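Report on the following structure.
The values are calculated or read from the model by the stated rules, or taken from the named source; none is laboratory data. Values in this document were obtained by computation on a predicted structure and should not be read as measured data. Note that each Cβ is placed from the backbone with ideal geometry, even for glycine, and that neighbours are counted across all protein chains shown. Side chains included, ligands, DNA and RNA excluded: accessible areas come from the protein's heavy atoms. Shrake-Rupley method; radii C 1.70, N 1.55, O 1.52, S 1.80 Å.
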Amino acid sequence: MLVDGTLRQFVDQIEIQPRPGESIAELNTASGDSGAVWISEDDSRIIGLHFGGDTGRAIANPIGAVVDALTAKGVEIGL
């Protein structure tokens, strides 16, 4: 993925793209979206924490990894 004109590789992240047949305009992330949660339409569970993207694509940290990192730092998560 290009980030500020530089090709970046993300490991163990969630890449979110429009469904087949949908316009890339259906998925449009912008500045200020970081920290938003992505929710599964299948079961309404939080699956990721948004940190980047553009028109037609988003990148998110898997929510399990986010919770684990916060817990390791002593942050209590009320799930």
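Condition test on Ile24, is it under 8 Å from the mean Cα position of the chain (by Cα) and under 18 Å from Met1 (Cα atoms)?
Considered against the rule, which asks whether it is under 8 Å from the mean Cα position of the chain (by Cα) and under 18 Å from Met1 (Cα atoms), Ile24 comes out as no.
Selection of first residues in the stretch 21-38 that are farther than 10 Å from His50 by Cα and of second residues that are open to solvent by 60 Å² or more (accessible area, probe 1.4 Å), restricted to Cβ pairs under 6 Å at least 6 apart or on distinct chains, gives the following pairs, ordered by first then second residue: Ile24/Thr55; Asn28/Thr55. Right, Asp68: out of contact with any Ser or Thr (no Cβ under 9 Å at 6 or more places or on another chain), charged (D, E, K, R) and free of Cβ contacts under 8 Å to residues at least 40 places away in the same chain or not? In short, yes.
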